[in-house]
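One structure is given here, and the rest of the page talks about it.
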């Protein structure tokens, strides 16, 4: 259900840069805000580089969004030079009643790619794309000193055949405290209960995404994750795959891989794809076969 005031039902603006945006579709509604697909309205203040292209506009719930909009903008801009993260373009005027940001529009995500596919499961090509590019995404965050804190299938976009990380609403600088973050999310690592925020948190969450892609489910223990993959596909996971999961989902955050280490581990895993018997990943509905599993993301 939309929370946009009637005044802003179809047009939002003027923005900080004097631009106005015409809503053409509501994309999603979550705990922090409403995301719409928009087009820039032609005017003297319109950006030439943004003409005739879809953009994403996120309107914040002022009552429930407790961290400043500026925080999200800063974290987006900290990694803004990379093509693997969503780009920031504009925002609401300072102290405006309606707070929003305007970003790059990304047409699909890992979650929509799988859920809306005719097969209802991830293809081998999608798994290979993830293995090849998620180390780069994690390395970009680490180099910028940013911890995304919300890596999940619906926040991993796909644009022009490449991964693009979305939604920096929960992002923190490395070493920050975890105040304001959900404590009981199934995809979070054990150290979150102690308030520890390091790049290892993103590494763990990225590992849980891979688990979800392959099994359609989530379990708490990394050894059980490996057993479930073998059970689902009637295979014995090769050593590179075992090393990869153990390095991403290690319960001790200090023992998890760095992105450059993960790059080699995942490159080895891609080479072993041909030795595995699965050609397509398990349908999401098969998660119901796991009595101890839970849905990874809502």
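Values quoted throughout were computed directly from the atomic coordinates according to the rules given, and no laboratory measurement underlies them. Here the structure is a predicted model, which is why all the values come from computation and not from measurement. Backbone-built Cβ (ideal geometry, glycine too); neighbour counts: all protein chains shown.
Grab the Cα-Cα distance for residue 162 and residue 227, subtract it from 0.36 nm times how many residues apart they are, and report the gain in nm with one decimal. Please list the in-between numbers first.
On the way: separation 65, 0.36 × 65 = 23.40 nm, distance 2.98 nm.
That pair, residue 162 and residue 227, stretches by 20.4 nm at full extension.
Sort 142, 172 so that the residue with the fewest other Cβ atoms within 10 Å of its own Cβ comes first and the one with the most comes last.
Least crowded to most crowded, the residues run 142, 172.
Computed FRET efficiency, Cβ-Cβ of residue 98 and residue 47, R0 25 Å: what is it to the nearest 0.05?
Working: r = 20 Å, r/R0 = 0.81.
The value I calculate is 0.80.
How big is Rg to Rh over region 6-104, alpha-carbon atoms, Rh as the Kirkwood inverse-mean-distance radius?
On the way: Rg = 12.9 Å, Rh = 13.8 Å.
Using Cα coordinates only, the ratio equals 0.93.
For a footprinting-style exposure proxy, rank 113, 152, 254 by other Cβ within 10 Å, fewest first. Don't jump to the answer; show the numbers that get you there.
Working: 113 18, 152 22, 254 8.
Listing 113, 152, 254 from fewest to most nearby Cβ atoms yields 254, 113, 152.
I need 202, 268, 274 ordered by Cβ neighbour count within 10 Å, fewest first. Present the calculation step by step, with values, prior to reporting the outcome.
Values: 202 27, 268 16, 274 7.
The most exposed by this proxy come first: 274, 268, 202.
Rounded to whole Å, give me the distance from the Cα center of region 161-230 to that of region 74-104.
So the two Cα centres are separated by 24 Å.
From a point 7 Å beyond the Cα of residue 270 in the direction of its Cβ, which residues of region 235-254 have a backbone N at a distance under 15 Å?
Output list for this probe position: 241.
Can you give the relative contact order of region 108-289 as a percent, counting alpha carbon pairs under 8 Å and 6+ residues apart?
Working: 269 pairs, mean separation 50.3, N = 182.
Answer for region 108-289 is 28 percent.
With a cut-off of 8 Å between alpha carbons and a minimum separation of six or more residues, what is the relative contact order of region 6-104 in percent? Can you show the working numbers first?
Values: 179 pairs, mean separation 24.5, N = 99.
RCO, region 6-104: 25 percent.
Calculate, for residue 61 and residue 37, the FRET efficiency according to 1/(1 + (r/R0)^6) with r their C-beta to C-beta distance and R0 30 Å; round to the nearest 0.05. Could you put the intermediate results ahead of the total?
On the way: r = 19 Å, r/R0 = 0.63.
Working from the Cβ atoms, E equals 0.95.
Of the listed peptides 189-199, 78-88, what is their order by residue-averaged count of other C-beta atoms within 10 Å, with the highest listed first?
Values: 189-199: 16.7, 78-88: 18.4.
Ranked from most to least packed, the peptides come out as 78-88, 189-199.
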